[in-house]
Structures are given as C-alpha cells and as structure tokens.
1. Enumerate the pairs (first residue in region B:179-207 and more than 14 Å from chain A (Cβ to nearest Cβ); second residue anywhere and in a strand (DSSP E or B) and basic (K, R)) with beta-carbon separation below 9 Å, excluding pairs fewer than 6 apart on the same chain, so at least 6 apart or on different chains.
2. Taking B:C277, is it at pLDDT 95 or above and buried (at least 17 other Cβ atoms within 10 Å of the Cβ)?
3. Within region B:244-256, count every residue that is among the acidic types (D, E) and in contact (Cβ under 8 Å) with a residue 40 or more places away in the chain.
4. Hey, can you tell me all the residues within region A:21-36 that are buried (at least 18 other Cβ atoms within 10 Å of the Cβ) and either among the β-branched types (V, I, T) or more than 11 Å from every other protein chain (Cβ to nearest Cβ) (or both)?
5. Which residue is farthest from B:D218 (Cα to Cα), if the candidates are limited to region A:37-59 and must be buried (at least 17 other Cβ atoms within 10 Å of the Cβ) and more than 10 Å from chain B (Cβ to nearest Cβ)?
6. Restricting region B:212-233 to residues that are more than 7 Å from every other protein chain (Cβ to nearest Cβ), in contact (Cβ under 8 Å) with a residue 12 or more places away in the chain and out of contact with any Gly (no Cβ under 7 Å at 6 or more places or on another chain), which is surrounded by the most Cβ atoms within 10 Å (Cβ to Cβ)?
7. Only strands (runs of 3 or more DSSP E) wholly contained in chain A count here; list those with 2 or more residues that are among the charged types (D, E, K, R).
8. With B:K236, B:K250 as the choices, which residue is basic (K, R), in a helix (DSSP H, G or I) and under 29 Å from B:S87 (Cα atoms)?
Amino acid sequence: MQVRLEPQGKQLTISGRRRVGAIVQSLGIIAGTVMVIRGDELLTDDEFVDDTDSIELRAVISGGVW
Amino acid sequence: MKCKRCTDKAIVQLRSHNAAFCKPCFVFFFQRTVERAITREHMFARDERVLVAVSGGKDSLALWDVLVDLGYETEGLYLGLGIGAYSNASERKTRAFAEKRGLRLQVVPLDGSEDGLAIPAVAAATRRAPCSACGTFKRHYFDRAALDGGFPVLATGHNLDDEAARLMGNVLHWQVPYLAKQLPVLFPTHPRFVRKVRPLFRTSELESATYSFLRGIDYVVEECPNSHGATQLVYKDILNRLEHSMPGSKLAFVTDFLSRGQPLFAGAPEAVDLGACERCGMPAAGELCGYCRLVAEVGRRRAQAVAHS
C-alpha cells in the first residue's frame, strides 16, 4: 500500500494487508494525533487497508502561538 | 466499530469519550459540544455579533462553520502575517471559505498596515522568536478590530490541546497571574478591550480536524514554518503520550483545573493597572502598549543597523 504522510509530504510503501492501528503504530505515531484517510473516508483503528490501497496519514497537531 | 449513538458504522473513535461516531452523529456531537460550551460558560448571547479570528487552519474555520450553522451573527477577521507561502495559502483558503458561504471577512495584511511591519521583519530586526512577536501583534490587531467594528466579543479557535499545553506551561513555571486568567471566557478589564472567548476549549485537535474534514472545509494542513521547536509542541507531545496511556487525561486536566484549580488563583492581583498607550490609545501597562513597544524597538534596531553600516 501507498502511505502519504501530511504535512511532511512523505510517501512510503508498506506491503501486505494491515489494520489501521498497526500501520500507525509501526510508524511510531501516537494514536489520535493523525487522521487516517482513504479517498474521501476516514478509517478507524480496527479497519483493514489492502495492499493495493492508498491512504493518507494527516497530522492534527498544530501550534506555535497562544 | 459502531457508532455510539445510532450503531451505524463508525468513522471516528474518540478514546477520551469512550465513544465512536458515524459522520452525522459526529457532526451533531461536535456542534453540541461547542454550543454547550458557549451557553454554559455564558460566552455570548444569540443577539450579540461575534468577531471570529480565523487563520485558515482547521480549528478557526471549524469554529466559524459551527457558529454559522448554529445561527450566530459572525464576521471573520484574518490577519496577514506575511510569512511567505504559508501566509499566502492561509489567506487563499480563508477567503475561499468565506466566499463559498457568503460570509463577511475582514483581511488585515500586516505589511500593508499603518506600521507596515510583517512578522518576519519584526523577528529579524529584534532578533526575537517570531512566535513572540506574532502573539503580541495578533492580540493588538484583534483588540483593535473588535473595538473599531463595535463587536462585543472576539472568538478564537483555541482547542482543548492548546488549553492543556498552556496549562502545563503555566503550572511548570507557576505562572500565577496567567493561571488566574486561564479561562474559556475573559471579560474585559479595560473599556477598550472586548470579551474574549474560546468555544473549542473542550474539543480536541482530532475532533476539530475530523469535523473540518467531514464538513469539506479546505484548511491549511501545513504548519507555520516558525512553529518548529515551539515549546507548545513539546508540551503537546508529552500530553499526547499521556493521553494515549490514559484516555481522557487532557480533558480532565483542563476541566478539573477550571472547576477546582483556577478559583484558587482567581484572587491573584493583576500585575499592573492598565492605562492608555500614548501612541495608539489601546490599553497599556506603561507609557506604550506591548505592540507599540515592539514597533519602537524595530525602529531603534533599524536605525542602529544603518548607523553601523
């Protein structure tokens, strides 16, 4: 599967069919700090992503000034 | 995973609420959370015009979207900070959001303002961190715009994660005057200030990002280039790790502080009485307000640089 990390703009390839939660964990990302997007849908941790899918992991953390 | 409200397939899981929601139920949940924050904290009434500070990011645009959907009378205020491509994209997306919905939007470009100073120029001249200058400028222009436009209230998109990180910073350094003022509603302490409210103080970044995504809000995903290494992000990282191990920690940290901690600091005396800035007339602790002091410093530094060249 193709995994795009935003806003870094990084593109990764992960092989095999995997659960969303496992993908996020394998990339060292803390659950709840990204949205996992496939097309126009959001995925929860228990869903599977197929080897042929493309997903986006979009960070939700922003900051700098209070 | 099933929606907690209707048992349809869920699209978002909120561990902090021990819940998952489908799209319609999440939108309902998010809007209801914001509406309850507004009414329970007495932020503003139905007949009050609300000036919404918008940055083009997920939080402020989600807030504006909710307020419009709930039927509040709003106007947007966008401050052009002059931070290169980031500011250009932010302004473009904010304008597109307002135009698509037929909303009134004030755009104030800092480099085209009276003092003609954008954030990078201030940071370069004063050698201060850009975030420091940015905060001072934002507060000044927000206050001015609310006052000039006759708005009784200014709403910002600060979310639960912002509030938790700010609280952590204030507690780590025992910033008693700041702890006394860390509230979702700040009532004016001077006739030239307006009420400032944070209707998203109970909603997390995940929630506002999810809401924006589901509502088709095209927000700026890129981070401000000046935010790298910002202290707030360090606090957020620590809090997110804590949240991962103990879901609900951030919400409890902020809401328990507001109910049980903040009242203990509420009697802390203000550091100084506010007068009027000699230059701009806005509230000031001394002869000049923080904004005008910064502008004067830029002028001094530039004059010194010319003298030494």
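1. Final answer for the pair search is B:V185/B:R195; B:V185/B:K196; B:F187/B:R195; B:F187/B:K196; B:P188/B:R195; B:P188/B:K196.
2. Working: at pLDDT 95 or above: yes; buried (at least 17 other Cβ atoms within 10 Å of the Cβ): yes.
It is true that B:C277 is at pLDDT 95 or above and buried (at least 17 other Cβ atoms within 10 Å of the Cβ).
3. Of region B:244-256, the ones among the acidic types (D, E) are B:256.
Narrowing the set further to residues that are in contact (Cβ under 8 Å) with a residue 40 or more places away in the chain leaves none.
Residues flagged as among the acidic types (D, E) and in contact (Cβ under 8 Å) with a residue 40 or more places away in the chain within region B:244-256 amount to 0.
4. Across region A:21-36, the qualifying residues are A:I23, A:V24, A:T33, A:V34, A:V36.
5. A:V49
6. Within region B:212-233, the match that is surrounded by the most Cβ atoms within 10 Å (Cβ to Cβ) is B:S212.
7. On the way: elements: A:2-6, A:10-13, A:34-38, A:54-59.
Here the list reads A:2-6, A:54-59.
8. Working: B:K250 fails: under 29 Å from B:S87 (Cα atoms).
Going through B:K236, B:K250 in turn, the sole match is B:K236.
The values are calculated or read from the model by the stated rules, or taken from the named source; none is laboratory data. All of these numbers come straight from a predicted model, not from anything done at the bench. Quick reminder, even Gly has a Cβ in these numbers, built from the backbone with ideal geometry, and neighbours come from all protein chains shown.
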